[in-house]
Amino acid sequence: MVSAGYYVLGTEGLALLRTWLDAGGDQLERRVDRLARVAGAPSEAPMSIRFEVPRLNVEAGYARWSATYDAAPNPLIRVEEPVVRAMIDQCPPGVALDAACGTGRHAAYLRSRGHRVTGIDATAEMLEKARTRVPDADFRIGKLEALPLETGSVDVAVCALALTHSREIGAAIAELARVLRPGGRLVLSDFHPTMVLLGGSGFFVGADGVAGNVETFHHPHGRYIEAFRRAGLDVVGCVEPAIEEEDLNALSGGLVTFDEAAFRSAWVGIPVALVWELERAA
Ligand SMILES: C[S@@+](CC[C@H](N)C(=O)[O-])C[C@H]1O[C@@H](n2cnc3c(N)ncnc32)[C@H](O)[C@@H]1O
């Protein structure tokens, strides 16, 4: 059983940490008072808001999350999408892969840019949504670590917000490189490692109102770079969009109202997405 109060207290603490040398003493003391008041009131909100959050693997988690995935505002998607689209826009129409396509968000954009699109995902329920959203793409069940595609058959691949769910990323990155033709492009986005270190995870609320957490792993930049080097992928660019003020309500699931100033100090400016633009070496 977790408490929404833990998240608010963690945010107060993070706000304190990020400002302890720069904010005035009064502001810091008010924050400490606030922290003590929240922690000392277990029968009041937010401490009294308690719920179960089962940890789930990819297939079990996204089978449930598929019902609400496209409905809930998601700050990670809000900041990631324009960056990924700008990278896709650099690629002329060709054969495109949306790997771990989910409900077909990037597959739809690739199709609208004139690509022939194959989408692959491990979760049947996510693929069902993708088939409705992009009827003229080819969607197949499959794993990133064993893509059901010919070697060198893809001009542009997108793999978005999925690798953080893998304990190890080298095998998936090698597979993405294998299916690309020499000179082909890979746009790889992920949940930012800083967010994972700060407790970010695949938290969701299903259609039944029950929460879940798809297991999420921390991969520092060096681990991606080593996997790219081994797979023969050259880094063309790397963009790390951050949380903005307008994301705070969605990011906190509405908890921002408990202390807007603390949420602003804690979270605004923290990078939430990591987006790599890569090229398969010729
Ligand atoms: C956060 S969703 C992202 C979906 C889509 N790429 C997007 O950005 O909207 C993560 C998706 O990755 C899929 N996934 C995660 N790990 C995978 C793996 N190893 N192989 C295939 N699919 C995977 C999940 O089933 C889920 O649909």
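The values are calculated or read from the model by the stated rules, or taken from the named source; none is laboratory data. Fair warning: this is a prediction, and the values are worked out from it, not measured in the lab. Note: ideal-geometry Cβ built from the backbone for every residue, glycine included; neighbour counts use all protein chains shown. Remember, those area values only see protein heavy atoms, side chains included, never the ligands or the DNA or RNA. Shrake-Rupley method; radii C 1.70, N 1.55, O 1.52, S 1.80 Å.
Structural remarks
- Interchain or long-range residues, amide H under 5 Å from residue 53's placed H: 2
- Between residue 90 and residue 260, the modelled label-to-label distance comes to 3.9 nm, taking each label 7 Å out from Cα in the direction of the beta carbon.
- Nearest-10 value in Å² for the accessible area of residue 106, using the 1.4 Å probe: 10
- Counting charges near residue 200 (Lys, Arg +1; Asp, Glu -1) among other residues having Cβ under 13 Å from its Cβ returns a value of -3.
- Taking the square roots of 5 times each eigenvalue of the Cα gyration tensor of segment 1-49, largest first, gives ellipsoid semi-axes of 23, 11, 5 Å.
- On the basis of the beta-carbon distance and an R0 of 25 Å, residue 53 and residue 138 show a calculated FRET efficiency of 0.10.
- Cα gyration tensor shape for segment 82-164, rounded if a/c is under 1.5, else prolate or oblate: rounded
- Accessible area of the chain belonging to carbon and sulfur atoms, whole % at 1.4 Å probe: 54
- For the chain, the spread of Cα positions along the three principal axes, ordered from largest to smallest, is 60, 41, 30 Å.
- Phi to ³J(HN,Hα) by Karplus 6.51 cos²θ - 1.76 cosθ + 1.60 over segment 62-75, Hz, x for Gly, Pro: 6, 4, 7, 5, 3, 5, 10, 4, 8, 8, 7, x, 10, x
- Distant-in-sequence amide contacts of residue 94, defined by a placed amide H-H separation under 5 Å and a gap of 5 or more residues or a different chain, comprise 115, 116.
- Summarising the amide proton neighbourhood of residue 214: residues at separation of 5 or more, or on other chains, whose placed amide H is nearer than 5 Å comprise 56, 202, 203, 204.
- Solvent exposure of the chain amounts to 46 Å² per residue of accessible area, where only protein heavy atoms count and the probe is 1.4 Å.
- For segment 125-132, Karplus couplings with θ = phi - 60° (6.51, -1.76, 1.60), whole Hz, Gly/Pro x: 5, 5, 4, 4, 5, 5, 5, 6
- A crude spin-label estimate for the pair residue 29 and residue 223, with each label 7 Å from Cα along the Cβ direction, gives 4.4 nm.
- Projected-area mean, segment 188-235, by convex hull of Cα positions, square nanometres: 4.3
- Cα gyration tensor shape for segment 108-223, rounded if a/c is under 1.5, else prolate or oblate: oblate
- Residue-averaged 222 nm ellipticity for the chain, from DSSP H runs of 4+ at -39500 (n - 2.57), nearest 500: -11500 deg cm²/dmol
- Shown in residue order for segment 41-54 are the 3J(HN,Hα) couplings computed by the Karplus curve 6.51 cos²θ - 1.76 cosθ + 1.60 at θ = phi - 60°: 10, x, 9, 10, 5, x, 5, 7, 7, 10, 7, 8, 10, x Hz (x for Gly and Pro).
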